[in-house]
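Just below is one structure, and these are the notes that go with it.
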Amino acid sequence: VTEHTILKFKKRFFVDDLNVDKSDPIQLHLVYLQSRDAILSGEYPVQLEEACQFASVQLQVEVGNYDPQQHNDKWFRRQEFLPAAHIK
């Protein structure tokens, strides 16, 4: 490691439904980010139907409501919304 090396530190949350404080938006967001990254990396395998539902929620979160004039076939070329196992 040199002085120009960029290090990225992560903290993994080990939670279940009983331990999540649903009134803490920061904790909910961190659990959401960890789950999203694990699904996209393939660490949490999902079926095709689940992957499609996940991708639709991700699109809603990141780009907002569907607008047929803006969101056409040419607009959607990014593949980061689906796990690699389901990109075909």
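The values are calculated or read from the model by the stated rules, or taken from the named source; none is laboratory data. Just so you know, these numbers come straight off a predicted model, no measurement behind them. Don't worry about glycine lacking a Cβ; one is built from the backbone with ideal geometry, like all the others, and counts go over all protein chains shown. When the accessible area is computed, the model is the full protein with side chains, heavy atoms only, and any ligands, DNA or RNA have been set aside. Shrake-Rupley method; radii C 1.70, N 1.55, O 1.52, S 1.80 Å.
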Matching residues in region 45-57 - criterion: being within 25 Å of residue 10 (Cα to Cα) and exposed (fewer than 15 other Cβ atoms within 10 Å of the Cβ): 45, 57
Subset tally (residues that are modelled with pLDDT of 75 or more and within 24 Å of residue 32 (Cα to Cα)) for region 58-88: 17
Hits in region 58-83 (condition: open to solvent by 80 Å² or more (accessible area, probe 1.4 Å) and assigned to a helix (DSSP H, G or I)): 60, 61, 62
